[in-house]
Amino acid sequence: PKPSGASAAAQPSGNGSGSWPCEVCSFVNSKSRTVCEMCQSPKPAGTAGTSGTSGTSGGARAAAQPSESDLKFLMDMGFTRGKAREAMAAKKNHRDDALEWLLNAASSVPTPAAKTTQASQGKPPAKATSTSSQPAAKKAKKAPSKSEARAAKNRAQQLMQLAAEEEKRAEARRKSTTPAVDVTARLVEEEEKRKTKERNALLSSIKKEREEEREMLQMKEELRSKKLEAEQKLKDIPSALQHIQSEYGPTRYSHVCATIVKILAKIRKFPEDSKYRKLSLTNEKIQKVVRVVGGLTIMNQLGFQEAEGVLVMPKAPSPSQLEKFIAHFVTASSKIHTCLPQLLNALKPETPLELRFYAVLLLRNVLANVVAGQDDRNFRVVDTQTQNFKRMAKFPEVLKVLTEFGFSPPSQHGIYYEVKSPDLSKFEAGVREVDQILARDYYPSSKLLLHTLNLAENNKGKFVQAAITMAQECIQRVLHNPVDDKYYTIKIAPFAKKVGLSLEGSVELLRLLGFKANEESSTASLSVPKGCETVDTELLKLRSDELNRAWVATKQEMKRRRQEASARSATSKISELKIDS
């Protein structure tokens, strides 16, 4: 197309000869310039200027031709191709200036309302100004509407924003092309730091363990020195025994005496065998003797000497001396006693054995709780509202035992027996004496134990074990769900069939656990006491514990019987061989 007057006027002035177009921006430069006036690109080599009007005309044509990319950019903004060419020609092919020119031209077009206002005021309508030449203005088409101009302006802003973001990305890429830290070197450095940290942690742990070990050794050495000092103050066996009894309680005192009696009895039985006169200090039973202050004094008085982790008696004492020592320790162990044997032996024999047994067993639990809890008040009180206390209260002798051991009866509105400052050595002795009474008078006579022995004698052991396990499961279901009465009943026939016992044996086992058999329905059920909503779970728990104890005793008794039978069989075979020989 023919260049507009403005485009032609924008070309360099001169005589029209020797001008040259720039290969980069198409601007026509004067003959004398060696670089482009617009973009500073160098003059192409071998450029031959044209002369006269033809040269100038050729340069103008070159300058008036905008690039297709610039035209496409303006057309993407919403302008027509003709408007884009006109703007590029008006702004010497500068795309951004051409865009601004187009936007200004669009905003300067008066709206119909503005034209009406101007007409009412008697003013002629304003003409759009343009920097282009008159011919270009004649050829110009109608300017875009205001909404199109606004949309074009928004698109321009978006494009400018995208260009800015692209510039930022380009800058980031330029920075990323700078020499970076060597990744391998960084990984090696991080690995070294990690290893150093682990090494320091390990060294710190080892150091801490050594310090703790050193402190422990120092503490042991201090305790040992204090123990030796205390041992030196004890001159003989009676003073040592008295110290053990006062400092460690009757239970430890009795254990020390019993252990020493066993050692001396072995030496009396095998006086010539040195292995019974050599005791290792690492042995657990020997340690329980020598750890207490006074134990080593006793062993030294008996003739033992410490050497390289063992206690050695070079020569066995005479039989009379051994008998004297044994009698002394047996007498010493029996000195500690309480009022328990006298009071419990006074329990009425006509009372059912089970009631007496549970009362004594519950008393034993009360005393043991005080020993275990010591300073905890919860272990030093007895609730008088429980069924277990009511079982003990049936026997005045049991309540008298509580009073003798320091329990104060509850006040007028109280419900607890409480002991405030218990003598733990006395309570330990009481527990030991109750255990002896139970083992002597009650456990062997337990009906559950006798019935369990009977079942073991007449059935295989696995059947008895299955019956006891299933009975315990039934009891545990009741204990876990005491308000659900569906667990109170057991069908006898399926029970007996599953465990492999006879109906009679199964019914008797369930009866001893508190179940009552119903022959019509072939079931066994727990009864609910009068005035209660559920079964007596405390009594059921006592019977469950008794069943476990009975089964343990049954297995021990059956094992003992098998060993005796095996020994008799071996003896008879030896006798037969001797007779044959």
Let's test the formula: R0 of 41 Å, r as the Cβ-Cβ distance of Gln436 and Arg210. What FRET efficiency results, to the nearest 0.05? 0.25
Once you charge only the Cβ atoms, +1 for Lys and Arg and -1 for Asp and Glu, what is the size of the charge dipole of region 306-456 about its Cα centre, to the nearest 20 debye? 420
Length gain on complete extension for the stretch Cys532 to Asp485, per 0.36 nm per residue less the alpha carbon to alpha carbon distance? 15.6 nm
Over region 413-465, with the other protein chains present, what is the accessible area per residue in square angstrom, probe 1.4 angstrom? 54
Solvent-accessible area of Arg95 with every protein chain in place, 1.4 Å probe, in Å² to the nearest 10: 90
Counting only protein heavy atoms and leaving out ligands, DNA and RNA, the solvent-accessible surface of Leu503 at a 1.4 Å probe, in Å² to the nearest 10, equals 90
Round to the nearest 0.05 the FRET efficiency obtained for Glu350 and Glu222 when R0 = 60 Å and r is the Cβ-Cβ distance. 0.50
For region 337-389 versus region 508-538, the gap between their alpha-carbon centres in whole angstrom: 26
In nm, spacing of pseudo-spin labels at Lys275 and Gln465 (7 Å Cα→C-beta vector): 3.4
I'd like to know which of Gly531, Val552, Leu542 lies farthest towards the positive end of the charge dipole of region 523-562, counting +1 on Cβ of Lys and Arg and -1 on Cβ of Asp and Glu. Val552
Cα lying deepest toward the dipole's positive end in region 409-553, options Gly514, Gly414, Ala429, charges on Cβ: Gly514
With point charges of +1 on the Cβ of Lys and Arg and -1 on the Cβ of Asp and Glu, referenced to the Cα centre of region 177-283, which listed residue (Ala185, Leu202, Leu241) lies farthest in the positive direction of the dipole? Leu241
When the scattering of region 293-384 is computed by the Debye formula from its Cα atoms alone, each counted once and equally, what is log10 I(q)/I(0) at q = 0.13, 0.17, 0.23 Å⁻¹? -0.77, -0.88, -1.20
From most to least accessible, 1.4 Å probe, no ligand or DNA/RNA atoms counted, Thr331, Thr554 line up as Thr331, Thr554
Quick one: which residues, 5 or more positions from Thr523 or on another chain, have an amide H under 5 Å from its amide H? H modelled 1.01 Å from N in the peptide plane, none for Pro or chain starts. Ile492, Asn518
Using the Karplus equation 6.51 cos²θ - 1.76 cosθ + 1.60 (θ = phi - 60°), what ³J(HN,Hα) coupling, rounded to whole Hz, does each residue of region 293-300 give in order, writing x for Gly and Pro? 5, x, x, 5, 4, 4, 5, 5
Amide H partners (placed H, <5 Å) of Met77, local residues excluded: none
What does the C-alpha gyration tensor say about the overall shape of region 518-581? Classify as rounded when a/c is under 1.5, otherwise prolate if a/b is larger than b/c, or oblate. prolate
If you average the alpha carbon positions of region 410-469 and of region 272-289, how far apart do those two centres end up, in angstrom? 34
Going from most exposed to least, what order do Asp375, Asp441, Asp70 have by accessible area with a 1.4 Å probe? Asp375, Asp441, Asp70
Based on the alpha-carbon gyration tensor of region 141-277 and its eigenvalue square roots a ≥ b ≥ c, which shape applies: rounded if a/c is under 1.5, prolate if not and a/b is larger than b/c, or oblate? prolate
Among the listed pairs Lys168/Lys197; Lys315/Lys426; Lys208/Lys278; Lys226/Lys278, those beyond 30 Å (Cα-Cα): Lys168/Lys197; Lys315/Lys426; Lys208/Lys278
For Met558, what accessible area in Å² do you get when you roll a 1.4 Å probe over the heavy atoms of the protein chains, rounding to the nearest 10? 40
List, in order, the whole-Hz ³J(HN,Hα) value for each residue of region 517-530 obtained from phi through the Karplus relation with A = 6.51, B = -1.76, C = 1.60 and θ = phi - 60°; use x for Gly and Pro. 7, 10, 5, 5, 9, 6, 10, 10, 10, 8, 9, 9, x, 5
For the Glu68, Ser32 Cβ pair and Förster radius 41 Å, calculated FRET efficiency rounded to 0.05 is 0.85
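The values are calculated or read from the model by the stated rules, or taken from the named source; none is laboratory data. Remember, predicted model here, so these are calculated numbers, not experimental data. Cβ atoms come from the backbone with ideal geometry, glycine included; neighbour counts cover every protein chain shown. In case anyone asks, the SASA skips ligands and DNA or RNA and just uses the protein heavy atoms, side chains included. Shrake-Rupley method; radii C 1.70, N 1.55, O 1.52, S 1.80 Å.
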